[in-house]
Amino acid sequence: MRLSLLGLVAAALAALLAACGGGSGSSSSGDGGSNAASGNGETANVSLEGNPKACGSLNLYTWEGEAPESLLKPFEAKYGVKVNPSYMTSSAEAIAKLAAGATKQYDMVIAAAEIILPMRQAGVIKPIDPALIDEYEKLFSFATEPMEEEGELWALASDWGVNPFLYSTEVMSKEPTSWADLWNPELKGQVSLWEDVSLIWVGASALGMDKNPEELFNLSQEQLDEIRDKMLELKGNVRTMWSSGGDLIQLYANKEVGASMGWTYVLNELKAKGAPVKEAHIKDMGAQAWTEGPALSKDISPDCEAAAYEFMNYLVSPKGQLALSSSSGYTPVNPATKPLMSKEEQEATGMNDPKKFLGSAIVKKAPADPEAYNQTMQEIIAGLS
Amino acid sequence: MRARLGSLGVGVGIGLILLFLYIPAVIVAVYSLNKGAVMSWPPELLSFHWYSKAFANEAMMEGLKNSVIVALVSVSIAVLLGVPAGLGVDRFQFFGKTAFQRLLMLPFLMPGLISGLTLLTVILDFQLELSLMTVIIAHATMLIAIVVIQMAVVLDRWDRSLELAAQDLGANEIRTFFYVTWPNIRAAIVGASLLGIAISLDETARTAFVVGESDTLPIVVLSSLRRTLTPEINAIGTLVLVISLVGVIIWSKFGAADLARE
Amino acid sequence: MSAIRRHRWLQALLLFGPAAIWAAAFIVFPVVEAVKMSLSQIEYYHLVHDWTLKNFETFFSNPLYTDALVRSAVRGLIVAAAAVAISLPLAHFISFRVKRHQFVWFAGVVVALWLGYLLRIVGWRILLGNDGVLNGLLTSVGILSHPTRVLVFNPFAVILVQTHLAMSFTFIPIFVVMQRVPHRLMQAASDLGAPRWRQILEVELPLIAPGVAVGFTFAFVLSFGDYFAPQLVGDPGSVGIANLASSQFEHGLAWPLGAAIGVVMIVAVLAVLMLPAVLMWIYRRVIGIRSRRGADPAQVNPGPLVEEVPAS
């Protein structure tokens, strides 16, 4: 055997050096924590005293697809501040990391309205001053308002969307009109449910509990039990659960299921592949809308905070919104973006008629008692087995 | 006549078993050549564009590179730790020796989830970074077992008196090792290394827990499955399979026959 | 004599030291940490070490977890039995019926399983899916009038896929051990008039028992700890204990609960790993007493375990 083990070891040592160099940093596109001056978390809310250019780079904790070059490069060119994106795979992961000390590592984090409360409880973000965002008043209020809590703004909405009722026209002959249609006997073995607190929203809508939006996030134990029992009635209809967009796309594409709650990007991917899947505009959409945008880390330095405001202003400007929307497929929050978008883009994101796209959907927020909601969700999943 | 039928029965049985083993590989390979992204019947052949897309896919190529790095480094660590340990286990008797051996084997015997989970709790509690290093640590810990097993197998039947003879003739530790011990364990180390590399390249479960920004190939495949339909993963998988097949054929031509006969 | 020769303990230190340090840091310590976390709580996303048994209480009082534990254990046994049942004839065929190029056959088997963990599951999903290969073939041939949906997203699919995944770990130990069975032993049995089935049962099987035990154990552990197959080809009822453990870290923020599930799994797996040793011990106790009694199988008197059979 002519294989030289020494050669193998030498190669391995070289690889070890390479791994130590490139892999042990926090992000693959630049190392984290390279702020010029790391602050101690003191807020300087109303007037910004920092010098944005002194902030070498902004570390942005975001989702894949939401920090494209088309967005970051023009910003860097115009303001001289580099943006370093890092990607999270789940909100829970993000909050946990921040709570464990990553607030020093990231300057901004993309937060959905439904994680604002947990983030505040974990003490990882600081408020944003809307007066410093030029176009704030012009943005869709239904997207920006859910980010306000107790008189303060905690995240700046940069995109929003709706989680529609998806169905296959081969399985449902008539367009569904309500979440209650999931319980139809014709859907036996055709439904897939999201392994998420959304199970509760679906049940709540089916029971008519979403008439008062605020109540939806403050359900009593009695109401939660009612929802659980209602969801368990779906037992015969549910074929399998889905937990990622890829799961759902595969299920529809291979005709394994015919109805579910889904995501817009899933629908767009399926349409592109020619699958006969449509979304239904139903009256009782319930808490199926979402909004998200950057929040400030509590440990952001004054210089980087100034840079962050510049970034946020750029992000919600029509040009920035266009770049974000084109890459992520999500709907912009700035109405002035519409003329810049192509017809297909407008239709795909619902910008051609945002009010209709939103429908009666309520933007999701965090429940007041996450433990109880989580427990109910577990019971539903367990009971469907 | 009965013998004929018996032989036929055996042939059919073995054929069915081989079919069972090969079905997924064949299907994945066939659909890597599918025109569309939806993998349904009948497949629309023949298109190589998933292969070109796989090569153009930066994340996938990065993942492949990282997988190779992780495999080589983990195996090296496992060898550096496991070979001396194997030699020691062979030479010494002490209280708790079997326990120590079993301890080294544990990460390989436990489900990947457990190894990944326990390592993750350390990382979470001490607020450490997830990175390629954490993946390497997880893999190396698992692969030590393979090296130790191989060492035990080889040393078991090797005559220790050869070493003593060399030392009686005046050789010191280092010379004895290089001229007497090494040639005999070399084959075991190479075998364990190759097996270790193969295992590390495919490792998914424990890697998923301790992976950071830099993904390995199996994690890239997992992320792809979670995002959307893409036969690019079929392409890369088939490619790895074919390369392994070729590798095995080459290896068998150049002297693995004696290992099989062992 | 060199310093190393002189001090045996120095030799031992050099040989074991590195591995021992690594084991302490990356095997023992993580388990200790996991136990510690299983006794902690999460409050507002911060880990609080307050030494409580609450997580274990949650585990054992909720059928969601205990059912999943039992389900995974039973599934593990089935998968292990199936994988061994398939590996045995295959290994036997290659070892004893294939005259030339045994290595090629061996390689052929191993390489088929080398596709990649996730891709093998995906391959099965394509085969069994609603518009998959099997349904497509059966409908075009006319056996089925329309595709059947019972092939996938059920516990059977999970067992099938996991058996396939386990084959790599059962075939190799069984084959290796079978290779060591000297052909002349089988030949001798054959010369003495034993039919094939007796050769296999009474000569081959006892000799390969350790390899079979190893393969069985590996397969069980693989199935028990797998969370991909239930996710990708299972229904809500196929959820295994491994899925519940991993989801506490992925979706939920309940790391302490996840750690607790992990600790329970460790105990379960350790118990199973020690099972072969325990069984061997029992086996030897019984057989040992048998052989001490002499060669006549009719005169069995193994003591209190078995009824006394009077000598004829």
Quiz prompt | Span from the the range B:1-64 Cα centroid across to the the range A:215-250 one, whole angstrom | solution = 37
Quiz item: In whole Å, what is the distance between the alpha-carbon centres of the range A:275-295 and the range A:316-385?
Solution: 6
Self-check item: DSSP-assigned coil residues among GluC sites (Glu not before Pro) in the range B:127-221, each with at most 14 further Cβ atoms within 10 Å
Solution: none
Quiz prompt | Positive-pole candidate from B:68, B:146, B:178, dipole of chain B, charges at beta carbon | solution = B:146
Quiz item: Under 30 Å Cα-Cα from residue C:99, which lysines qualify once same-chain neighbours fewer than 8 residues away are excluded?
Solution: B:253
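List the trypsin sites (Lys or Arg not before Pro) in the range C:113-208 that DSSP assigns to loop (not H, G, I, E or B) and whose Cβ has at most 14 other Cβ atoms within 10 Å. Which are they? Before the final figure, lay out the partial values.
Numbers: sites: C:120, C:125, C:149, C:180, C:184, C:196, C:198; in loops: C:149, C:180.
Here the trypsin sites (Lys or Arg not before Pro) that fit, given the DSSP loop and packing criteria, are C:180.
For the range B:1-112, what class follows from the C-alpha gyration tensor (a ≥ b ≥ c being the square roots of its eigenvalues): rounded when a/c is under 1.5, otherwise prolate if a/b is larger than b/c, else oblate? Show your work: numbers first, answer last.
Numbers: a/c = 3.89, a/b = 1.35, b/c = 2.89.
Judged from the Cα gyration tensor, the range B:1-112 comes out oblate (a/c at least 1.5, b/c at or above a/b).
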Quiz item: log₁₀ I(q)/I(0) of the range B:111-262 at q = 0.13, 0.17, 0.20 Å⁻¹, via Debye over equal Cα point scatterers, no solvent, to two decimals?
Solution: -0.81, -1.06, -1.21
Quiz item: So for chain A: antiparallel DSSP bridges make up what percent, rounded to the nearest 5?
Solution: 60
Quiz item: Assigning unit charges at the beta carbon (Lys, Arg +1; Asp, Glu -1) and nothing else, what dipole magnitude in debye, to the nearest 20, does the protein assembly as shown show about its Cα centre?
Solution: 5220
Self-check item: Relative frequency of Cα-Cα separations exceeding 51 Å in the protein assembly as shown, percent
Solution: 25
Quiz item: Picking from C:55, C:135, C:243, which is most flexible by a Gaussian network model of chain C using Cα springs under 10 Å?
Solution: C:135
Practice problem: Would you calculate, for chain B, the mean residue ellipticity at 222 nm contributed by helices, counting each DSSP H stretch of 4 or more residues as -39,500 (n - 2.57) and dividing by all residues, to the nearest 500? | Solution: -25500 deg cm²/dmol
Exercise. Please report the orientation-averaged projected area of the range A:174-274, defined via the convex hull of its C-alpha atoms, in nm².
Key: 6.7
Quiz item: Rounded to the nearest 0.05, what FRET efficiency do residue A:152 and residue C:25 have when you use their Cβ-Cβ distance and R0 = 51 Å?
Solution: 0.70
Quiz prompt | Amide H contacts under 5 Å for residue B:214, placed H, 5+ residues apart | solution = B:132
Practice problem: For the range C:1-139, give the magnitude of the charge dipole about the Cα centre (Cβ charges: +1 Lys/Arg, -1 Asp/Glu; no others), in debye to the nearest 20. | Solution: 1000
Exercise. For chain A, just list the percent of Cα-Cα distances falling in each 20 Å bin from zero outward, please.
Key: 26, 52, 20, 2
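Return the percentage of antiparallel bridges among DSSP beta bridges fully within the protein assembly as shown, rounded to the nearest 5 %. List each step's numbers first, then the result.
Numbers: 27 of 42 bridges.
If I count the DSSP bridges inside the protein assembly as shown, around 65 percent turn out antiparallel.
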Practice problem: Please list the non-local residues whose amide H lies under 5 Å from the amide H of residue A:82, H modeled 1.01 Å from N, same-chain partners needing a gap of 5 or more. | Solution: A:58
Quiz item: What shape does the range A:214-317 have by the C-alpha gyration tensor, where a ≥ b ≥ c are the square roots of the eigenvalues, rounded means a/c under 1.5, and otherwise prolate means a/b greater than b/c and oblate the rest?
Solution: oblate
Quiz item: What is the distance in Å between the Cα centres of the range A:107-164 and the range B:138-157?
Solution: 54
Quiz prompt | Fluctuation leader among C:29, C:93, C:224 - chain C, Gaussian network, Cα springs under 10 angstrom | solution = C:29
Quiz item: Can you tell which of A:183, A:161, A:198 lies farthest toward the positive end of the dipole of the range A:115-199, using +1 and -1 charges on the Cβ of basic and acidic side chains (Lys, Arg; Asp, Glu)?
Solution: A:183
Quiz item: When chain A is treated as a GNM, springs tying every alpha-carbon pair under 10 Å, which of A:223, A:105, A:288 comes out with the largest mean-square fluctuation?
Solution: A:223
Quiz item: Once Lys and Arg get +1 and Asp and Glu get -1 on their Cβ, which of A:280, A:101, C:160 lies farthest toward the positive end of the dipole of the protein assembly as shown?
Solution: C:160
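Please give the charge dipole size of the range C:46-106, origin at the Cα centre, charges +1 on K and R Cβ atoms and -1 on D and E Cβ atoms. Round to the nearest 20 debye. Walk me through the intermediate numbers first.
Numbers: 6 positive and 3 negative charges, 133 e Å.
With only Lys, Arg, Asp and Glu charged at Cβ, the dipole is about 640 debye.
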Exercise. Classify chain B as rounded, prolate or oblate, taking a ≥ b ≥ c as the square roots of the eigenvalues of its Cα gyration tensor: rounded when a/c is under 1.5, otherwise prolate if a/b is larger than b/c and oblate if not.
Key: oblate
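Give a quick list of chymotrypsin sites (Phe, Trp or Tyr not before Pro) in the range B:8-55 that DSSP marks as loop, anything other than H, G, I, E or B, with at most 16 other Cβ atoms within 10 Å. Could you put the intermediate results ahead of the total?
Values: sites: B:20, B:22, B:31, B:48, B:50, B:51, B:55; in loops: B:48.
Of the chymotrypsin sites (Phe, Trp or Tyr not before Pro), the ones in loops of the range B:8-55 whose Cβ has at most 16 other Cβ atoms within 10 Å are B:48.
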Quiz item: For the range A:224-285, what number results from the quotient of the Cα radius of gyration and 2.2 N^0.38 Å?
Solution: 1.25
Quiz prompt | Proximal charge balance of residue A:146 [Cβ under 12 Å; K/R count +1, D/E count -1] | solution = -4
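Coordinate-derived values only; no laboratory data. What you see is a predicted model; the values in this text were computed from it and never measured. Quick reminder, even Gly has a Cβ in these numbers, built from the backbone with ideal geometry, and neighbours come from all protein chains shown.
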